[in-house]
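No value in this document is a laboratory result; all are computed from the given coordinates. Since we're looking at a predicted model, the values are computed, not measured. Glycine gets a Cβ as well: all are built from the backbone with ideal geometry, and neighbour counts include every protein chain shown.
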Amino acid sequence: MERQRRSFTEEYKRQAVELVVSSRRTVTSVAKELGLRDSVLRRWVDKLRQEPASARWRPTTQVTPMSADQASEIARLRQETERARHL
């Protein structure tokens, strides 16, 4: 069975990058929690760092960055959704 390519909104990418930056955790650690390949998340982080400050993603309207608990819950729900798709 061929694996479907997932797509992510710019908002999701921004929140994932903010989680890496604000938590000071490794890209690998955050990627694992979110159910992403670390190379994908690293590419998003690098993209943000290479953009001029004026062109960077705008801050989210969320007052506080996503907590580790929230990230874990999102990762758990993504895994549950993936399993349900394969049934």
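The modelled label-to-label distance between residue 9 and residue 46, using points 7 Å beyond Cα along the C-beta direction, is 2.7 nm. When peptides 79-86, 42-49, 16-23 are sorted by average Cβ neighbour count within 10 Å, with the highest value leading, the order is 16-23, 42-49, 79-86. Full extension of the chain between residue 70 and residue 83 gives 2.7 nm of extra length, using 0.36 nm per residue less the Cα-Cα distance.
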